[in-house]
Amino acid sequence: MNYLTQAQLDELKQFDSPTVYNAVDRFHLRPATQGFTRPGLTLRVPLEEPMVGYAVTARVSSMHPNPNAADNLVRYYESVARVPAPTVAVIQDMDTEPIGSFWGEVQATSHMALGCIGTITQGGVRDLNEAGPLGFYFFSTQVMVARGYTHVDAWDCPVEVCGLTIHPGDLIHADKHGAVVIPSEIADQVAGACRAAQQAELAVLTPCREAIRTGIRVTAEQLGQWRREMNQKR
């Protein structure tokens with residue numbers, strides 16, 4: 001697998017996730033209804049810069065004890081360590097109703113030491129006051145107080161979070177809007193496509209902003225024309 005350089009990853013942080021979605025859509029590699037999280041994923045810590053990194057994955061449960069919990073956790077850590085940093089831990093809670101959080105201050109700190117910058121989890125997080133200052137991204141569907149019998153059941157496997165299937169090694173871009181998977185075959189072109197997508201929108205934004213500034217009301221026909229120009233450039 002070809003990984004982007006840190007400079008290329010940093011360049012992607014200049015754009016929000018909706019812009020990245022628009023940029024990826026320009027390549028027509030997948031339907032416009034795929035490749036992103038559905039509603040329900042929330043950024044729980046006050047980190048404004050987008051999170052960009054490569055997925056490491058696991059499935060967890062907290063309802064019942066697992067006698068192999070300690071060994072499984074170490075093997076999961078080994079899978080995280082094998083992937084070049086920065087990584088994003090994508091965790092699917094397999095309990096019908098999540099009852100315990102895999103994530104807290106200890107796991108966040110441990111993962112950062114392994115080169116991980118944050119998590120996206122279909123499940124809970126806790127210790128929010130500690131994760132924020134640490135600089136570790138917590139994207140989750142829930143906030144929890146307890147850990148239950150939390151343990152890793154599987155790792156280095158496909159997982160699903162808010163309707164998005166994520167595979168180990170997928171390039172993730174996430175911010176307060178949600179998460180997008182960037183296809184590897186176009187990853188090095190997405191930053192340029194983001195700039196092109198932003199430029200295309202100026203066909204609508206520039207005249208509308210001028211109309212707002214001058215107090216001149218635009219017509220529906222004008223908006224239709226500007227949108228056609230925008231879509232031609234997309």
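The values are calculated or read from the model by the stated rules, or taken from the named source; none is laboratory data. The structure displayed is predicted, hence computed values, not measured ones. As a convention, Cβ positions derive from the backbone with ideal geometry for all residues, glycine included, and neighbour counts pool all protein chains shown.
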* When you look at residue 50, is it within 20 Å of residue 186 (Cα to Cα), surrounded by 15 or more Cβ atoms within 10 Å (Cβ to Cβ) and touching a Lys or Arg at 6+ places or on another chain (Cβ under 7 Å), yes or no? -> yes
* Structure fact -> If we take segment 95-195, then strands (runs of 3 or more DSSP E) inside it with 3 or more residues that are modelled with pLDDT of 95 or more and touching a Phe, Trp or Tyr at 6+ places or on another chain (Cβ under 6 Å) are 116-125
* Only one residue in 123, 104, 135 is small (Gly, Ala, Ser) and over 22 Å from residue 180 (Cα atoms). Which one? -> 104
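Given the structure, is residue 74 part of a helix (DSSP H, G or I) and aliphatic (A, V, I, L, M)?
On the way: part of a helix (DSSP H, G or I): yes; aliphatic (A, V, I, L, M): yes.
Yes.
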* Could you grab the pairs with beta carbons closer than 8 Å, sequence gap of 6+ or different chains, first residue in segment 44-68 and closer than 15 Å to residue 12 by Cβ and of a type in the set (Asp, Glu), second one at pLDDT 95 or above and not in a strand (DSSP E or B)? => 49/13
* May I ask you to list pairs of residues, at least six apart or on different chains, whose Cβ atoms are under 8 Å apart, with the first in segment 207-220 being among the aromatic types (Phe, Trp, Tyr) and the second being modelled with pLDDT of 95 or more? => none
* Asked: Quick check, is residue 154 among the aliphatic types (A, V, I, L, M), closer than 30 Å to residue 73 by Cβ and touching a Pro at 6+ places or on another chain (Cβ under 8 Å)?
  -> no
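Count, please, the residues in segment 127-146 that happen to be crowded, with 24+ Cβ neighbours inside 10 Å and touching a helix residue (DSSP H, G or I) at 6+ places or on another chain (Cβ under 9 Å). It would help to see each step written out before you state the result.
To start, the set of residues in segment 127-146 that are crowded, with 24+ Cβ neighbours inside 10 Å comprises 131, 136-140.
Adding the requirement that they be touching a helix residue (DSSP H, G or I) at 6+ places or on another chain (Cβ under 9 Å) leaves 131, 136-138.
Here the count works out to 4.
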* Hey, could you check segment 53-92 for residues that are touching a Leu at 6+ places or on another chain (Cβ under 7 Å) and among the hydroxyl-bearing types (Ser, Thr, Tyr) and say which is farthest from residue 106 (Cα to Cα)? => 54
* Go over the candidates 7, 58, 23, 32 one by one and state the one that is surrounded by fewer than 20 Cβ atoms within 10 Å (Cβ to Cβ), among the aliphatic types (A, V, I, L, M) and in contact with a helix residue (DSSP H, G or I) (Cβ under 6 Å, 6 or more places away or on another chain). => 32
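So that you can scan it fast, the table gives a plain yes or no per residue for (1) in the same structural domain as residue 57 (by TED's automatic domain parsing); (2) at positive phi:
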site: 169; (1), (2): yes, yes
site: 173; (1), (2): yes, no
site: 197; (1), (2): no, no
site: 200; (1), (2): no, no
site: 206; (1), (2): no, no
* Do we find a residue being touching a residue at least 40 places away in the same chain (Cβ under 8 Å) and acidic (Asp, Glu) anywhere in segment 132-154? -> yes
